[in-house]
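The values are calculated or read from the model by the stated rules, or taken from the named source; none is laboratory data. No experiment lies behind these values; they were computed from the predicted model shown. Reconstructed Cβ throughout: ideal geometry from the backbone, glycine too, with neighbour counts over all protein chains shown. To get the accessible areas, we keep the full protein, side chains included, count just its heavy atoms, and leave off ligands, DNA and RNA. Shrake-Rupley method; radii C 1.70, N 1.55, O 1.52, S 1.80 Å.
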Amino acid sequence: MRKYLYLGMVFTFAVVLIFHSAFPMRWHSYALDKNFIANPFFTGEKDKRGYSDEMEILDVKNQYALCAINHRVTEVSKYWMAQTTFQNTQKLAVLDLHDGSVLWEKAIEDSWIHRGKLLEQKIFLYAFSYDKDRTNVTVLDFANNTEQSETVLYEEDLLAAYMEMIGLNPIVLEEDGAVYFDLDTVHQYLNEGFYADINEQKLLYTTANDTAEALFGEKAYSDKDGTHSVEYVICQMRGDILYLAADYVKQYTNYAYSLYDRHLQMYTQWGEKQTMEIVKDTQIRQRGGIKSPILREMEEGETVELLEEMEDWSKVKTSDAIIGYVENKRLANRQTETEVPVTDYTADEYTSVSMQGKVSLGFHAIGGEGGNAKLSDMLAEGKGINVIAPTWFSLTDNDGNFRSFASTQYVEQAHGSGLQVWGVWDNFNYKNETGTEVSSYEVLSSTAKRRKLAQGIVDTSMGLGLDGVNIDFEGLTEDCGVHYIQFLKELSVLCRKNGLILSVDNYVPFNFNNYYRLDIQGMVTDYVIIMGYDEHWHGSGDPGSVASISYVSNGLERTLAQVPEEKIVNALPFYMILWKTEGTEVTDQYITVNNVDDYLARVNVEPEWDETTCQNYAEWQSGAVTYQIWVEDAESIGVKLSVMAQKNLGGVAVWRLGYGTPEVWELIASYANS
């Protein structure tokens with residue numbers, strides 16, 4: 001037998017049989033939608049009981065009658081379902097409100113009382129025989145002229161049959177002695193770490209050091225220690241919903257649950273609770289008051305948990321997790337109990353590989369193997385850096401492959417200069433270079449492809465002698481977020497095992513990009529790099545600063561709310577944008593920190609300090625064109641570094657090497673050594 005339950009409440013599906021009067025409804029109308037009303041009226045035609053109803057559907061907009069049909073309305077929707085009785089024959093019909101045509105009709109037994117619900121193009125119909133010994137449940141798909149029926153023997157099975165047949169899914173089900181939660185419920189209430197690959201039929205759970213894997217419908221899972229059998233199916237699909245066995249969830253989650261006849265109680269937090277004793281036989285009621293429905297009888301000596309105390313009644317929870325109200329005069333002997341927490345599961349610790357002191361990272365943009373020859377120039381400029389991050393790797397297809405401009409000689413030279421090398425893997429440069437369409441979603445949503453990519457990253461890094469991995473996946477869509485995070489988890493396990501530092505580049509956090517999940521990144525990675533720029537970006541058509549002080553500071557505050565301060569690295573822009581507005585057309589061009597002074601001198605413009613953005617700002621006119629620039633220079637960079645120092649971050653990064661000046665590099669070195 002299969003049970004369907006709702007979390008956190010006692011759910012009793014009670015069917016009340018109402019015998020409708022056959023008298024005509026002359027004074028009521030039903031609003032079917034904004035254009036139609038149903039107007040019942042009496043025609044004088046009598047059935048065998050002496051009365052008959054008729055309904056006229058009126059098009060309010062065009063003010064004419066579409067049709068008239070004997071009726072009983074049971075649901076208002078895009079379509080209209082009517083129950084008719086004419087010449088001793090009962091029928092169900094579905095009408096199209098737009099023209100009143102009959103889309104579907106079916107004769108039904110006169111000996112049954114029927115109720116129905118219209119759900120898009122399906123009707124859920126349930127019926128009881130007069131002696132109530134059985135219940136017939138039917139789903140009628142009038143669009144395809146098919147029907148599916150099931151007879152259930154108990155009233156409580158009605159909800160289960162209903163949900164099963166129309167494709168709705170319960171939160172909890174019990175089958176073969178095991179309790180199952182749907183994946184959304186597990187994520188919301190228990191543990192969001194479970195990852196489902198629907199296409200490959202796999203359930204994954206990644207810890208700090210391993211990934212456990214279970215195939216849908218199987219009674220075994222595998223991890224680094226081998227294959228483990230259990231007595232229940234670990235996970236199973238019902239329609240398009242995945243259900244997880246409660247006991248399997250408990251292997252990775254500390255919680256407790258108790259299953260009762262029609263409901264389930266779950267605990268995820270523990271503390272102190274107040275209890276009281278029932279001192280005389282009584283009832284627990286739905287609400288306070290003797291006229292409120294009784295939920296069950298209470299016997300003298302029972303203990304209840306006191307949830308809320310009022311003047312005459314108290315809200316309590318019984319030993320079988322029924323919540324209701326009992327009269328205060330039936331309660332006594334208040335006690336305080338300390339609940340014992342569940343501590344069965346101890347999670348693996350996420351250890352981090354970190355730098356000695358602050359990170360001072362310079363990104364080295366390399367567009368081909370020839371770019372590696374520029375390393376000496378970059379090292380000569382980048383005073384104070386202890387990490388160099390060459391942009392060597394980029395996804396090339398939807399199978400998890402990537403191209404490489406990497407050089408072991410480059411790594412050896414950087415190591416010889418006392419620098420760590422963190423290779424950068426991105427999802428956009430190859431696409432921009434070649435026009436080849438590459439789908440990050442296709443790669444990351446496939447466990448096989450995702451694992452291939454992660455293993456390839458680690459194998460390549462170890463082969464080159466890299467110290468770390470930097471992931472720069474930009475432009476991800478929200479539906480890709482869960483797959484991206486699973487990728488970072490799996491990659492972190494491999495990096496941790498091989499002693500590689502894992503850093504991830506991120507946009508400044510806002511609500512609209514929170515699917516990048518900085519909170520999880522802050523747990524599983526070693527450094528979270530915030531790209532503290534592009535407040536206004538190239539091609540946006542919206543003139544403004546690339547990185548005003550409020551944008552940077554507020555972004556760091558939002559990051560600090562999710563990531564430990566020592567793991568946060570803020571990336572600074574060594575560039576700005578010159579905006580040109582002519583009429584309604586806005587164009588722009590990049591200018592670098594090491595070129596801005598020469599440019600402003602050529603146009604004979606002297607910028608002035610803007611306290612709001614903490615940048616030097618200039619605006620001037622040339623013919624019909626208005627020029628604007630918010631300058632990044634030693635002054636603006638100095639203010640940003642000061643804010644970063646106050647927030648005690650894990651370090652600084654710079655986009656990019658080749659754009660700086662000696663003055664700003666002195667500031668970077670001073671910050672890194674502070």
Mean-position separation - Cα centroids, region 514-536 and region 209-249, in angstrom: 31 Å
Please report, in Å, the Rg and the Dmax of region 246-386, where both are computed over Cα atoms only. 30.4, 90
Note: probe point = Cα of Glu663 + 7 Å toward Cβ; backbone nitrogen < 16 Å; residues of region 573-607 passing the test are 574-576, 592-602, 605-607
Two pseudo-spin positions, 7 Å from Cα along C-beta at Asp184 and at Glu582, lie apart in nanometres by 5.3 nm
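What's the extension gain from Ile241 to Tyr617 if we count 0.36 nm per residue and subtract their Cα-Cα distance? Let's see the in-between values first.
Values: separation 376, 0.36 × 376 = 135.36 nm, distance 5.55 nm.
Fully extending the segment from Ile241 to Tyr617 adds 129.8 nm.
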Could you pull the accessible area for Trp313 with a 1.4 Å probe, rounded to 10 Å²? 40 Å²
Sequence of Val353, Val493 from largest to smallest accessible area, 1.4 Å probe: Val353, Val493
Share of carbon and sulfur in the accessible heavy-atom surface of region 503-567 [1.4 Å probe, %]: 52 percent
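May I ask you to give the percent of accessible area on region 420-486 that is carbon plus sulfur, with a probe radius of 1.4 Å? List each step's numbers first, then the result.
Working: 1160 of 2450 Å².
Percent of accessible area from carbon and sulfur atoms in region 420-486: 47.
Taking 8 Å as the Cα distance limit and 6 or more residues as the minimum spacing, I'd like the relative contact order of region 288-336 as a percentage.
Details: 52 pairs, mean separation 14.1, N = 49.
Over region 288-336, the number comes to 29 percent.
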What FRET efficiency comes out for Trp270 versus Phe510 if R0 is 51 angstrom and r is the Cβ-Cβ distance? Round to the nearest 0.05. 0.90
Starting from the 7 Å offset along Cα-to-Cβ, what nm value, one decimal, do you get for the label separation of Lys224 and Glu297? 5.9 nm
Please compute the Cα-Cα pair-distance distribution of region 508-622 with 10 Å bins starting at 0, giving whole percents from short to long. 12, 37, 29, 16, 5, 0
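Determine the per residue accessible area of region 199-298 with all protein chains present and a 1.4 angstrom probe, expressed in square angstrom. All intermediate terms of the calculation are to be shown ahead of the outcome.
Values: 5130 Å² over 100 residues.
Result: 51 Å² of accessible area for each residue.
Figure the gain on full extension for Val643 and Ile198 (residue separation times 0.36 nm, minus the Cα-Cα span) and round it to one decimal in nm. If you can, show how the numbers build up before the last one.
On the way: separation 445, 0.36 × 445 = 160.20 nm, distance 4.52 nm.
Extra length available between Val643 and Ile198 comes to 155.7 nm.
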Under a crude label model (7 Å from the Cα following the beta-carbon direction), how far is Ser439 from Asn604 in nanometres? 5.8 nm
Cross-link pairs beyond the 20 Å C-alpha cut-off, checked among Lys219/Lys449; Lys374/Lys567; Lys219/Lys250: Lys219/Lys449; Lys374/Lys567
Between Ala380 and Glu565, the FRET efficiency computed from the C-beta separation at R0 = 25 Å comes out, to the nearest 0.05, as 0.20
If the chain between Lys329 and Asp281 were fully stretched, how many nm would it gain, using 0.36 nm times the residue separation less the Cα-Cα distance? 16.2 nm
Any idea what Rg and Dmax come out to for region 351-479 if you just take the C-alpha atoms, in Å? 15.2, 43
Based on the inverse mean of 1/r over its pairs of different Cα atoms, what is the Kirkwood hydrodynamic radius of region 170-217, in Å? 11.9 Å
Taking the alpha-carbon centre of each part, the distance from region 355-388 to region 263-288 in Å is 64 Å
Expressed per residue, the solvent accessible area of region 553-674 in Å² (1.4 Å probe) is about 46 Å²
If you count only protein heavy atoms with a 1.4 Å probe, what accessible area per residue comes out for region 404-492, rounded to a whole Å²? 37 Å²
Carbon/sulfur accessible area of region 249-322, % of total, 1.4 Å probe, equals 42 percent
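Region 225-308: D in µm²/s via Stokes-Einstein (Kirkwood Rh, Cα pairs, 20 °C, 1.002 mPa s)? Present the calculation step by step, with values, prior to reporting the outcome.
Values: Rh = 17.0 Å.
The diffusion coefficient I find is 126 µm²/s.
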Which residues qualify? For Val279, with a placed amide H closer than 5 Å and at least 5 residues away or on another chain, they are Gly301, Leu331, Ala332
